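**Student:** Structure below; questions to follow.
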Amino acid sequence: MAESDLMEKIISLAKRRGFIYQGSEIYGGLAGTWDYGPLGVELRNNVKDIWWKMFVKSREDMYGVGTSIIMNKQVWEASGHVAGFADPTETGEKFNVMFKTTVGAGEEATISYLRPETAQGIFVNFKNILDSFHPKLPFGIAQIGKAFRNEISPRDFIFRSREFEQMEVEYFVREAEWEKYFEAWRDTMHEFSKLVGIKNIHELNVGDEDRAHYSKKTIDFEFEYPFGRKELWGLAYRTDFDLRNHSGASGVSLEYFDEESGERFTPHVIEPSLGVDRTILAILASTYTEDELGGETRSYLKLPKEVAPVRAAIFPLLKNKPELVIKAREVYESLKDENYNIVFDDNGNIGKRYRRQDEIGTPFCITVDFDTLGENPEHKDTVTLRDRDTGEQKRVRIGDLKEAIK
Ligand code: GAP
């Protein structure tokens, strides 16, 4: 399949099946904005949940925060974004990509910015976390949230947009230990990519001239998108740049006091920064598959089951046989689970239902047929469980279904 075809197919599937729509579509759209539909939201929530569990909840050294999108403009002056967060325009001017807004009314109004990275909300809360939790180095603060950049040319679907989401960690270390933790986070990011089903990540050691103003070393995790190899995520050593600058500008000490050694110093920072939307696009591109099944061409998303928006779909073989529908509803009720979505579907013939679920990446389809009701006594109270990738079906006892789809 030509790569440009792949991109078109992904965008069309995303719209048709309710994953992602153009923002403000009925008014002709607004460039660089995208709306997630019911399945897109589930997929996105699953990705964020996996990240949160892996990067925050499962670790003793991590603290989660949820900070404001609008921040005091001094934050962005101290961080260097007011002076340096710019992209050159076609005419060669400097153009700052932060969205400017005003806070308050009349003469009281002040200028502010929508955050272009979630990271600064973490740095300005460093002291709060120290005071509330007294963590020992090394430790990290994490958050998932929206970021905004007035990109000059948003493009490539959700790859470069003006409003997007980030999953970021600022991991505070002693300067002498930065390399060790840089390597550890590098491994964690690779592990995460496998869990969510992203294939073929390449690392790019970003050269001096291309690194952000705060970074001494950055690795871009690049992905082979249909439109070329491009940045998916970043891993940066931000030194003590941010804490030092915020401390200087605010007059509030952001030093760490080591009770054992009696040392007082500004910690250095390792930052794994992952864009949610680029992750979603990389997952869609990695898992979009076409094959032949039963003599027909089909397209499906080979999503890991933890990522798929729907874990299992339950069908009555025929929708005009009340006894099948009642039994299928019973199975559906028994499988509902707070950790994943189960759907009931009796729309169209069974073949169409399988295709529809394949296309949205549902790993399991469960069909209640006449054997379930006892037409073949040997199969009473069993259903067919169909595997998305192979299309193979096996009979499973209703009582064993929950375990089978877990
Ligand atoms: N705090 C560090 C930081 O923001 P960045 O490389 O500018 O670094 C981090 O952004 C990640 O955010 C990127 O690797 C990408 O996944 C995502 N990202 C950045 N700009 C984006 C945009 N315009 N649209 C979608 N995602 C974007």
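**Student:** For the chain, rounded, prolate or oblate, judged on the Cα gyration tensor with a ≥ b ≥ c (square roots of eigenvalues), a/c < 1.5 rounded, else prolate if a/b > b/c? Mind showing how you got there, number by number?
**Tutor:** Values: a/c = 2.36, a/b = 1.86, b/c = 1.27.
Note, shape of the chain comes out prolate.
**Student:** Quick one: dipole size for the chain, taken about the Cα centre, charges +1 on Lys/Arg Cβ and -1 on Asp/Glu Cβ, in debye to the nearest 20.
**Tutor:** Numbers: 55 positive and 70 negative charges, 213 e Å.
Rounded to the nearest 20 debye, it is 1020 debye.
**Student:** Further question on the same structure: Set the Förster distance to 30 Å, then compute FRET efficiency between Ser68 and Arg229 from the Cβ-Cβ distance, nearest 0.05.
**Tutor:** Working: r = 35 Å, r/R0 = 1.17.
About 0.30, to the nearest 0.05.
**Student:** Under a Cβ-Cβ cut-off of 13 Å, what is the net charge of the residues other than Ile350 that fall near it, where Lys and Arg count +1 and Asp and Glu count -1?
**Tutor:** On the way: positive: Lys319, Lys321, Lys352, Arg353, Arg355, Arg356, Arg386; negative: Asp345, Asp346, Asp358, Asp369.
Surrounding charge for Ile350 is +3.
**Student:** Further, regarding this structure: Of the candidates Arg244, Arg356, Arg264, which one comes out as most mobile in a Gaussian network treatment of the chain with C-alpha springs shorter than 10 Å?
**Tutor:** Comparing Arg244, Arg356, Arg264 in the GNM, the peak value goes to Arg264.
**Student:** Here is a further query. Among Thr89, Asn320, Ile20, which residue has its Cα furthest toward the positive end of the charge dipole of the chain, with +1 on Lys/Arg Cβ and -1 on Asp/Glu Cβ?
**Tutor:** Of Thr89, Asn320, Ile20, it is Asn320.
**Student:** Now a separate question. Work through the residues other than Ala119 whose Cβ is under 12 Å from its Cβ and net out their charges, Lys, Arg +1 and Asp, Glu -1.
**Tutor:** Value of the local net charge: -3.
**Student:** Would you please name the GluC sites (Glu not before Pro) within region 369-401 that are DSSP coil residues with at most 14 other C-beta atoms within 10 Å of their C-beta?
**Tutor:** On the way: sites: Glu375, Glu378, Glu392; in loops: Glu375, Glu392.
Loop-located and lightly packed - Glu375, Glu392.
**Student:** Using only Cα atoms, figure out Rg for region 310-405 and give it as a multiple of 2.2 N^0.38 Å.
**Tutor:** Numbers: Rg = 12.1 Å, N = 96, 2.2 N^0.38 = 12.5 Å.
This ratio for region 310-405 stands at 0.97.
**Student:** Still on this structure, I have one more. Once label points are set 7 Å from the Cα along Cα→Cβ at both Phe370 and Asp5, what is their separation, rounded to one decimal in nm?
**Tutor:** That separation, rounded to one decimal, is 4.2 nm.
**Student:** Using a 10 angstrom cutoff on alpha carbons, build the Gaussian network for the chain and name the most mobile of Gly29, Gly248, Gly262.
**Tutor:** Evaluated over the chain, the most mobile residue of the options is Gly262.
**Student:** Also, I was wondering about something else. Treat the count of other C-beta atoms within 10 Å as a stand-in for reagent exposure and order Met1, Met167 from fewest to most. Write out the running numbers ahead of the final one.
**Tutor:** Details: Met1 10, Met167 24.
Neighbour counts put them in this order, fewest first: Met1, Met167.
**Student:** Assuming R0 = 25 Å, can you tell me the calculated FRET efficiency for the pair Asn45 and Glu151, based on Cβ-Cβ distance, to the nearest 0.05?
**Tutor:** Numbers: r = 25 Å, r/R0 = 1.00.
It comes to 0.50.
**Student:** Between beta-carbons, use under 15 Å as the cut-off and find the net charge around Ser253, counting Lys and Arg +1, Asp and Glu -1. Don't skip to the end; give the middle numbers.
**Tutor:** On the way: positive: Lys127, Arg244, Arg264; negative: Asp131, Asp240, Asp242, Glu255, Asp258, Glu263.
Net of charged neighbours comes to -3.
**Student:** Find how much the distance from Asp61 to Arg397 grows on full extension, using 0.36 nm per residue of separation minus their present alpha carbon separation; answer in nm with one decimal. Don't skip to the answer; put the middle values down first.
**Tutor:** On the way: separation 336, 0.36 × 336 = 120.96 nm, distance 4.34 nm.
Extra length available between Asp61 and Arg397 comes to 116.6 nm.
**Student:** If you find the alpha carbon centre of region 95-156 and of region 314-358, how far apart are they in angstrom?
**Tutor:** That distance is 45 Å.
**Student:** Moving on to the next point. Sorted from fewest to most neighbouring beta carbons within 10 Å, what does the list Leu243, Leu385 look like? Don't skip to the answer; put the middle values down first.
**Tutor:** Working: Leu243 24, Leu385 19.
The most exposed by this proxy come first: Leu385, Leu243.
**Student:** While we're looking at this one, here's another question. For the chain, what is the percent of antiparallel DSSP beta bridges, rounded to the nearest 5? Don't skip to the answer; put the middle values down first.
**Tutor:** Working: 67 of 78 bridges.
Counting only bridges with both partners in the chain, antiparallel ones make up about 85 percent.
**Student:** Compute the acute angle (0 to 90°) between the alpha-carbon long axis of helix 322-335 and the principal axis of greatest extent of the alpha-carbon atoms of the chain; round to the nearest 10°.
**Tutor:** Here the helix axis deviates by roughly 30 degrees.
**Student:** I would also like to ask the following. Mind listing the long-range amide H neighbours of Tyr113? Cut-off is under 5 Å, sequence gap 5 or more, other chains count too, H placed in the peptide plane at 1.01 Å from N.
**Tutor:** Amide H to amide H, under 5 Å and 5 or more residues apart or across chains, Tyr113 pairs with Met71, Thr101.
**Student:** Could you list Lys321, Lys327 in order of exposure, starting from the residue whose Cβ has the fewest other Cβ atoms within 10 Å? Working shown, then result.
**Tutor:** Numbers: Lys321 16, Lys327 20.
Least to most surrounded, the residues fall as Lys321, Lys327.
**Student:** Which value in deg cm²/dmol, rounded to the nearest 500, describes the helix-derived mean residue ellipticity at 222 nm for the chain, given -39,500 (n - 2.57) per DSSP H run of n ≥ 4 and division by the residue count?
**Tutor:** Details: 12 runs with 121 residues, N = 406.
So the helix-based figure for the chain works out to -9000 deg cm²/dmol.
**Student:** Okay, moving on. Only loop residues by DSSP count here, and only those with at most 14 other Cβ atoms within 10 Å; note down the trypsin sites (Lys or Arg not before Pro) in region 186-221 that meet that. Provide the component values of the computation, followed by the final result.
**Tutor:** Working: sites: Arg186, Lys194, Lys199, Arg211, Lys216, Lys217; in loops: Lys199, Arg211, Lys216.
Sparse-neighbourhood loop trypsin sites (Lys or Arg not before Pro): Lys199, Lys216.
**Student:** Given region 147-203, what whole percent of its Cα pairs are spread farther than 18 Å? Spell out each step's value before the answer.
**Tutor:** Details: 910 of 1596 pairs.
Of the Cα pairs, 57 percent sit more than 18 Å apart.
**Student:** Ok, one more. Multiply the residue gap between Glu333 and Lys53 by 0.36 nm, knock off their C-alpha separation, and tell me the result in nm, one decimal place.
**Tutor:** 98.0 nm
**Student:** So which GluC sites (Glu not before Pro) in region 204-266 end up in coil per DSSP with only 12 or fewer other C-beta atoms within 10 Å? Provide the component values of the computation, followed by the final result.
**Tutor:** On the way: sites: Glu209, Glu222, Glu224, Glu231, Glu255, Glu259, Glu260, Glu263; in loops: Glu255, Glu259, Glu260, Glu263.
Taking region 204-266 and a limit of 12 other Cβ atoms within 10 Å, the loop GluC sites (Glu not before Pro) found are Glu259, Glu260, Glu263.
Laboratory data are not the source of any read-out in this text; all were calculated from the coordinates shown. None of these values were measured; they are calculated from a predicted model. Here Cβ is always computed from backbone atoms with ideal geometry, including for glycine, and neighbour counts include all displayed protein chains.
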